[in-house]
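Written below as structure tokens is the structure these notes are about.
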Amino acid sequence: MPMPMPMTMQAPMETRDAPVLAPSLVSYRCEIMAEPGAEWDRLAGGFADMCLEQTAAFADLRADAAPSIGVILREAASNEPVAMALAIIATLPVIGLGFADVKFGPLWRRRGIPADPAHLALMLEALKGEFAQKRGLALRIRPPADPGYERVWKDALACANFAFRAKATDRERYLVDLTLSEGDQLKSLGSKWRYHLAKSAIDQLDIREADLEEGLPEFLALNRDMLARKQFDGRPGIEDLAAIAKAAGPALGMRLFIASHQGKPVAGSVIIGAGERAFVPFSATDEKALELRAGYVLRWRIMERLRGTEARWLDLGGAERDPGLQLYKFGNVGKRGRVAEIPGQFDFAPNALAAGAAKAIMLGRELARSKQLKRLVMLLPI
């Protein structure tokens, strides 16, 4: 599908008056970024609830390579952004109908100022105006697992007439509380997690925060060795980390930590996050790491480095239906952390035609996934 405008490193913005869907929107205006880039990520870094899925740097990693459109809601008097949302657009050929998908957004809590639930409600109305009214698309909102703000999301979605569509897959998110003191954090850990940390070769491991430009090739080599050893497929985007770091700049808050044993890297983790949540999207280990329990030591040192910063949570992501991974993450979260749930998918359609087009696209995707799964099953040895 053709993009709305030519690709550039920093997309020009098209400014429009926000549709008057509610009286309170009169004091705000919508700004449309047709091809979000580095400027989008810079603005996203100013929100406490910034997440990877709402950054332009990661939008291109989607397997469907669908175009994205950014919407910024600004206070008219001050021109300050109060909310923003990155939507992935999927439409049917020829007729151009489909849906706009906002995953783990919109962002609505600015860093350094009290959260105002009205900004979330206003942003939902602005998104309905832009995508449902102006473009005739169905609109899908997939809220994040957002501890302390669950009620705000529920009320805002209900007020904006979004209908619950489906539960999220892999919906648990494992969050380590970074506000705890070292002693309280140690007490919080699960007993097995604490046991492995105590039995680790902590005195033999050198943990360092590496410069991204110098350290990423080392980390990627470690990751390739791990994938080959375990016969796993790589996560989308990991080989593009250097390009992502360069394109997004400091807005993503990307950091790299590496554990070495006798001068050789044995474990590494990439941390991303500039707001109240730091994410661990990529980690890698070598065959020596299990024996040294290097993953436990590396994670503990990362938690130490993040303690006292703006980060409130260390987001370990989901367990991906892996019982071993679930136990590891649950033990890391411990008694004082949180296992928060992603609420699911919520849809708003301006009419039956838009709803039907969105359903057709989703059915097509599900059929494609089932065919891929069938091919994989046929290749399995009997």
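A few remarks follow.
- Test for Ser181: is it outside the structural domain of Ala126 (by TED's automatic domain parsing), surrounded by 13 or more Cβ atoms within 10 Å (Cβ to Cβ), small (Gly, Ala, Ser) and closer than 21 Å to Val297 by Cβ: no
- Every residue from the stretch 98-118 that is buried (at least 21 other Cβ atoms within 10 Å of the Cβ) and more than 18 Å from the chain's Cα centre (by Cα): Gly98, Phe99
- Scanning the stretch 278-304 for residues that are basic (Lys, Arg) and either at pLDDT below 95 or on the phi > 0 side of the Ramachandran plot (or both) turns up Lys288, Arg293.
- Only one of the numbered conditions (1) within 19 Å of the chain's Cα centre (by Cα); (2) closer than 30 Å to Met362 by Cβ is not met by Asp155, and that is (1).
- All of (1) part of a strand (DSSP E or B); (2) more than 26 Å from Val280 (Cβ to Cβ) hold for Asn161 with one exception: (1).
- Condition broken by Ile272, with the remaining ones in (1) on the phi < 0 side of the Ramachandran plot; (2) assigned by TED's automatic domain parsing to the domain that holds Tyr195; (3) at pLDDT 95 or above satisfied: (3)
- Scanning the stretch 322-331 turns up at least one residue that is in a helix (DSSP H, G or I), without any contact (Cβ under 8 Å) to a residue 24 or more places away in the chain, more than 30 Å from Ser181 (Cβ to Cβ) and assigned by TED's automatic domain parsing to the domain that holds Leu290.
Table: residues versus (1) over 25 Å from Phe104 (Cα atoms); (2) out of contact with any Phe, Trp or Tyr (no Cβ under 8 Å at 6 or more places or on another chain).
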| residue | (1), (2) |
| --- | --- |
| Ser283 | no, yes |
| Tyr296 | yes, no |
| Met303 | no, yes |
| Asp322 | no, yes |
| Lys335 | yes, yes |
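- Subset of the stretch 350-359 [surrounded by fewer than 13 Cβ atoms within 10 Å (Cβ to Cβ) and in a helix (DSSP H, G or I)]: Ala352
- Residue-level check: of (1) on the phi > 0 side of the Ramachandran plot; (2) exposed (fewer than 14 other Cβ atoms within 10 Å of the Cβ), Thr309 misses just (1).
- Look at (1) closer than 19 Å to Ala56 by Cα; (2) without any contact (Cβ under 8 Å) to a residue 40 or more places away in the chain and you find that Phe104 fails only one, number (2).
- Scanning the stretch 159-217 for residues that are among the hydroxyl-bearing types (Ser, Thr, Tyr) and farther than 24 Å from Arg277 by Cα yields Ser191, Tyr195, Ser200.
- Subset of the stretch 136-149 [among the small types (Gly, Ala, Ser) and either outside any loop (DSSP other than H, G, I, E, B) or in contact with a Pro (Cβ under 9 Å, 6 or more places away or on another chain) (or both)]: Gly136, Ala138, Ala145
- Extreme residue, farthest from the chain's Cα centre (by Cα), among residues of the stretch 200-217 that are of a type in the set (A, V, I, L, M, F, W, C) and over 18 Å from Leu292 (Cβ atoms): Ala210
- Only listed residue being closer than 26 Å to Leu205 by Cα and either at pLDDT below 85 or of a type in the set (A, V, I, L, M) (or both), chosen from Leu256, Leu252: Leu256
The values are calculated or read from the model by the stated rules, or taken from the named source; none is laboratory data. On a predicted model such as this, the values are computed, not experimentally measured, just so you know. Every residue, glycine among them, receives a Cβ derived from its backbone with ideal geometry; neighbour counts consider all protein chains shown.
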